[in-house]
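The values are calculated or read from the model by the stated rules, or taken from the named source; none is laboratory data. Model, not experiment: these values are computed from the prediction. Heads up, the Cβs are rebuilt from the backbone with ideal geometry, glycines too, and the neighbour counts pull from every protein chain shown. Accessible surface is based on the protein model in full, side chains and every heavy atom, while ligands, DNA and RNA are left aside. Shrake-Rupley method; radii C 1.70, N 1.55, O 1.52, S 1.80 Å.
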Amino acid sequence: MLMITGKFAIDPAEREEFLEFVRTLIPVERNVAGCTAFDIYEDVLTPNTFLLVEQWESEAALDAYTETEAYAEHDDTLNSFVVSEPVWEEYQF
């Protein structure tokens, strides 16, 4: 099992567009083969800072997904909102 977390800040002026995007993204990501969890949470002390948490059955499942056009599209759109360097962590269990 693999868990990935990413912490990032977004432009406050684009908050509503970001929230609209992730509301559609989350159910799509949850339905990807091998994805067992996908959530995005806001930091309650730092507005417009979010934590993305995704869990995968295996590294192979994640690798297969990252080779798809859908992944590239979602990643590009998500990154278009980010204004700080994201901090990514990966955990194997």
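Each residue in segment 59-82 was checked for being among the β-branched types (Val, Ile, Thr) and surrounded by 13 or more Cβ atoms within 10 Å (Cβ to Cβ), and 2 pass.
Taking each residue of segment 15-33 that is closer than 24 Å to ALA60 by Cα and free of Cβ contacts under 8 Å to residues at least 12 places away in the same chain and looking for partners that are in a helix (DSSP H, G or I) and open to solvent by 30 Å² or more (accessible area, probe 1.4 Å) with beta-carbon atoms closer than 6 Å, six or more apart or interchain, yields nothing. Pairs are defined by a Cβ separation below 7 Å, a sequence spacing of at least 6 or placement on different chains, a first member in segment 38-50 that is farther than 27 Å from LEU2 by Cβ, and a second member that is of a type in the set (Gly, Ala, Ser); the pairs so defined are ASN48/ALA9.
Within the bounds of segment 74-92, is there any residue that is more than 20 Å from ASP11 (Cβ to Cβ) and hydrophobic (A, V, I, L, M, F, W, C)? Write out each step before concluding.
Of all residues in segment 74-92, those more than 20 Å from ASP11 (Cβ to Cβ) come to 89-92.
From what is left, the residues that are hydrophobic (A, V, I, L, M, F, W, C) are none.
No, segment 74-92 contains no residue that is more than 20 Å from ASP11 (Cβ to Cβ) and hydrophobic (A, V, I, L, M, F, W, C).
Among the listed residues SER58, SER80, identify the single one that is closer than 22 Å to GLU20 by Cβ and of a type in the set (Ser, Thr, Tyr). Write out each step before concluding.
On the way: SER58 fails: closer than 22 Å to GLU20 by Cβ.
After ruling out the rest, the residue left standing is SER80.
Within segment 28-41, track down each residue that is more than 17 Å from ALA72 (Cα to Cα) and under 12 Å from the mean Cα position of the chain (by Cα). ALA37, ASP39, ILE40, TYR41 - these are the residues of segment 28-41 that are more than 17 Å from ALA72 (Cα to Cα) and under 12 Å from the mean Cα position of the chain (by Cα).
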